[in-house]
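The values are calculated or read from the model by the stated rules, or taken from the named source; none is laboratory data. This structure is a prediction, so every number in the text was calculated from the model and none was measured. Methodologically, a virtual Cβ is constructed for each residue, glycine included, from the backbone with ideal geometry; neighbour enumeration extends over all protein chains shown. Remember, those area values only see protein heavy atoms, side chains included, never the ligands or the DNA or RNA. Shrake-Rupley method; radii C 1.70, N 1.55, O 1.52, S 1.80 Å.
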Amino acid sequence: MSNSLNHNSGSGPVLATEPIRHLYVHIPFCARICPYCAFYKDLLDRSQTQRFCEAILHEVDQQRSGFAISPKTIYFGGGTPTALTTAQLQFLLGGFRQRLDLSTLEEWTIEANPGSVSASKAALLRKLGVNRISLGVQSWDDKLLKVLGREHNTEQAQRSFYILRDAGFSNINVDLMFGLPGQTDEQWRKTLEETVALQPDHISAYCLTYEEDTEFFLRQARGELKADSDADTDFFEMTMSILENAGYEQYEISNYARPGLSSVHNRAYWSGEDYLGIGPSAFSTVGMQRWQNLADYRRYGDRVLSGQSPIGSIENLTSEMKQTERIALLLRTREGTSAALLSDRPQATAEFVSLGLLRQLNGNFVLTRAGKSLADSVAEAFI
């Protein structure tokens, strides 16, 4: 990966010949830094947020000068996008509406934390065209929320969900986590059952991982926390069973949806479509290039507002790299990966079939139920 770049706004990645259909926007601000989160984030500083919103819109202008952008999906992640004030959200989202042709937009998602959802924000987001919310509940157990360093409690999470429903959102995802320090089977079962009772349209259930540059990683290194792979497998199997019985389709290892409500944006990632990332630390992949913006919102703003590129690094991809990435991502999905993509790996494919971890379906290879529990190991064998 190259870190030596000309930072004028006219330099950088090779331009795409086809319109960009997918945008990711990174809002790094958080009221509190969670000890498990490895995404780029920073404590909310109200003196900096308006300047940051202006920088985001300047970068959109930069990207429009280099790419034809006709978004099918927009995804605002973080951090906590809803940590911005109502006025700042109106300025930012209104700026997107003014700058982009949204006539083909199907899905506009914003991540929200229960501690920063209000009726006025929910109504504004709906009015400005957001049609999907991803709510970071994580657990319906107040003790575990404290372990995770979350700023909300279960009562706030439930209230936030109903505020969003009352505002007219008919596509709400609830984010959950299992494999937490001290978490019991009963706590996870209760969280799943309480989530199902709310009847969200989509549920994401992720296993906690101990990522570098997090407090949990340091605590694990000191022996204070310990991962339990057997318990994680039990949690995962419980998740599949309860959510499938409740009518949710597992369309990716960690994602479950009501029929027809899978995430269009995430499916675009997994199928290898081009996308642009806006904001500090955001990745973009277009054609055979991938680049990442600086992971520092102050330096990012300085660059963009002075007419320079915010890109911090560019990577040239090879066909082999893109193929192996695509295999690894598609294997995690319900449809699996085509037999053609695995044609040059017959030995590994045959071995996983014989072990009962892969099976053929409609000309594709898909993970069996046993294979889903070992998805990362199966994917690694093809990389």
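Over the residues of the chain, the helix contribution to mean residue ellipticity at 222 nm works out to -12000 deg cm²/dmol, using -39500 (n - 2.57) for each DSSP H run of at least 4.
By the Cβ distance rule of under 4.7 Å, the chain has these cysteines without a partner: C30, C53, C207. For the range 176-249, the solvent-accessible area with a 1.4 angstrom probe is 51 square angstrom per residue. The value of relative contact order for the range 76-145, using C-alpha pairs under 8 Å at least six residues apart, is 38 percent. Charged neighbours of S103, selected by a Cβ distance under 13 Å, balance to +1 (K, R count +1; D, E count -1).
Applying a threshold of 32 Å to the alpha-carbon distances of K143/K372; K72/K146; K121/K190; K127/K190; K190/K372 flags K72/K146; K127/K190 as lying beyond it. Normalised by 2.2 N^0.38 Å, with N the number of residues, the alpha-carbon radius of gyration of the range 188-237 equals 1.45. Of all the Cα-Cα pairs you can form in the range 46-139, what percent are over 21 Å apart? Taking all Cα-Cα pairs of the range 46-139, the fraction more than 21 Å apart is 31 percent.
Each residue, L355 and E106, gets one label point 7 Å from its Cα in the Cβ direction; the gap between the two is 3.4 nm.
Among the chymotrypsin sites (Phe, Trp or Tyr not before Pro) found in the range 38-144, those both in a DSSP coil and sparsely packed, with 16 or fewer other Cβ atoms within 10 Å of their Cβ, are F39.
Which whole-number percentage describes the relative contact order of the chain, with Cα contacts under 8 Å and a sequence gap of 6 or more? Before the final figure, lay out the partial values.
Numbers: 667 pairs, mean separation 69.0, N = 383.
Result for the chain is 18 percent.
The modelled label-to-label distance between A339 and A119, using points 7 Å beyond Cα along the C-beta direction, is 5.9 nm. The share of accessible area on the chain that comes from carbon and sulfur is 48 percent, using a 1.4 angstrom probe. Extension gain, D302-R189: 0.36 nm per intervening residue step, less the Cα-Cα distance, totals 35.9 nm. Bridgeable aspartates and glutamates around K41 (alpha carbons under 17 Å apart, same-chain partners fewer than 8 residues away excluded): E111, E151, E211, E212, D213, E215, D296. Scanning the chain for GluC sites (Glu not before Pro) in DSSP loops with at most 11 other Cβ atoms within 10 Å, what's the longest stretch left with none? After excluding every exposed loop site, the longest remaining stretch is 1-211.
At 0.36 nm per residue, and after removing the present C-alpha to C-alpha distance, how many nm does the segment from V264 to L43 gain when stretched out fully? Write out the running numbers ahead of the final one.
Numbers: separation 221, 0.36 × 221 = 79.56 nm, distance 3.01 nm.
Answer, rounded to one decimal: 76.5 nm.
On a per residue basis, the convex hull of the C-alpha atoms belonging to the range 211-339 measures out at 179 Å³. Distance between the modelled labels on Y162 and D61, one decimal in nanometres: 4.5 nm (7 Å Cα→Cβ projection).
Once you have the Cα-Cα distance between D230 and Q50, take 0.36 nm times their residue separation minus that, and quote the gain in nm to one decimal.
Length gained, D230 through Q50: 60.1 nm.
The residues of the range 45-168 expose, per residue, 39 Å² of accessible area to a 1.4 Å probe. Rounded to whole Å, the principal axis extents of the Cα atoms in the range 152-288 read 41, 41, 27, largest first. Considering every alpha-carbon pair of the range 95-192, the percent of pairs per 10 Å bin, from zero through the bin containing the longest distance, is 15, 42, 27, 13, 4.
Each Lys or Arg adds one and each Asp or Glu subtracts one; over the other residues with Cβ under 15 Å from the Cβ of P19, this totals -1.
Counting only protein heavy atoms and a 1.4 Å probe, the range 306-383 has 52 square angstrom of accessible area per residue.
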